[in-house]
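The values are calculated or read from the model by the stated rules, or taken from the named source; none is laboratory data. If you're wondering where the values come from, they're calculated on a predicted model, not measured in any experiment. Note that each Cβ is placed from the backbone with ideal geometry, even for glycine, and that neighbours are counted across all protein chains shown. Accessible surface areas use protein heavy atoms only, side chains included; no ligands, DNA or RNA. Shrake-Rupley method; radii C 1.70, N 1.55, O 1.52, S 1.80 Å.
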Amino acid sequence: MLENIRLGRVESPQHTAGVMEFYTEIKKIFEKPHQDQEKLESLYQTGIQLLLLDTPFEDKVTILYNLMYLYTDHPELYYFMGWIHQISNREKIISIYWYTTALQKFMEYRISQNQPHPYEIENWLDLFKNLFEEDYTKKIQDLLNTYQSIIQDYVTKKEVRIIHFLGAYYIKTNQLKRAQSMYQIILDPNFPKDQETEFQIQNNSLVLYSR
């Protein structure tokens, strides 16, 4: 699927000025790798901004491959690759692949920095969401078993999105006592959550208690 992707420019009739400028600057970097850090950081920020604009999908992929080449230890780039495939309605398995790859990078970051990366939680949620929608429940359980302490830490810190997902997952897999323990946490009136999440939680809790 990505056989035409190369480091540097990819031919596309829809290049914006910003994309062309990015390719021009990245070419300079590759030809002369010893650039000052400020210029590299500026190029990184430009590439990330292009991902948020109406940039052609092929260019977004190419931009990320270029940034990965320069910043192999940045886990968020692997997450962004999964994200752009997801919002472009590509096959879910591709997003799952990139989110899974990103997870390994986020774990390496945890070890090296002794703290979670800011985008780690987003990667967890999107990975779980895609696996859940594809009915890969065994894979979800494997992840929960492997990273039990990390997931429990999110629960302890009252990360509502993780707790809400766990409740839904435990209902789906008929682990009703575990589901009940999750909803006991987030049904607390003092637990912080927005109105939409509150509605979803109430709906799922009704499913739980009806079973």
- Message: K129 - would you say it is over 18 Å from the mean Cα position of the chain (by Cα), within 23 Å of S181 (Cα to Cα) and modelled with pLDDT of 95 or more?
- Response: no
- Condition set of a type in the set (V, I, T) and closer than 23 Å to F191 by Cβ, scope the range 132-158, selection surrounded by the most Cβ atoms within 10 Å (Cβ to Cβ): answer is I151
- Could you tell me whether M81 is assigned to a helix (DSSP H, G or I) and modelled with pLDDT of 95 or more? yes
- Query: Would you say S95 is closer than 30 Å to D59 by Cα and in a helix (DSSP H, G or I)?
  - Reply: yes
- Note on the structure: When restricted to R178, R161, R110, the only residue open to solvent by less than 80 Å² (accessible area, probe 1.4 Å) and part of a helix (DSSP H, G or I) is R110
- Message: Looking for something touching a Pro at 6+ places or on another chain (Cβ under 8 Å) and open to solvent by less than 70 Å² (accessible area, probe 1.4 Å) - is there at least one such residue anywhere in the range 82-104?
- Response: yes
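Residue by residue, here is whether (1) under 24 Å from I87 (Cβ atoms); (2) touching a helix residue (DSSP H, G or I) at 6+ places or on another chain (Cβ under 6 Å); (3) charged (D, E, K, R) holds:
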| position | (1), (2), (3) |
| --- | --- |
| D153 | no, no, yes |
| T156 | no, no, no |
| F191 | no, no, no |
| L208 | no, yes, no |
- Message: Can you find a residue that is closer than 30 Å to P56 by Cα and over 12 Å from the mean Cα position of the chain (by Cα) anywhere in the range 160-172?
- Response: no
- State whether the residues of the range 114-131 include one that is under 30 Å from E25 (Cα atoms) and surrounded by fewer than 16 Cβ atoms within 10 Å (Cβ to Cβ). yes
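For every residue, the table says whether it meets (1) open to solvent by less than 30 Å² (accessible area, probe 1.4 Å); (2) in a loop (DSSP other than H, G, I, E, B); (3) at pLDDT below 90.
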residue	(1), (2), (3)
P13	no, yes, yes
P33	no, yes, yes
L50	yes, no, no
E58	no, no, no
T62	yes, no, no
- Task: Can you tell me which residue among D188, D135 is within 20 Å of I96 (Cα to Cα) and either in contact with a strand residue (DSSP E or B) (Cβ under 8 Å, 6 or more places away or on another chain) or not in a helix (DSSP H, G or I) (or both)?
- Result: D135
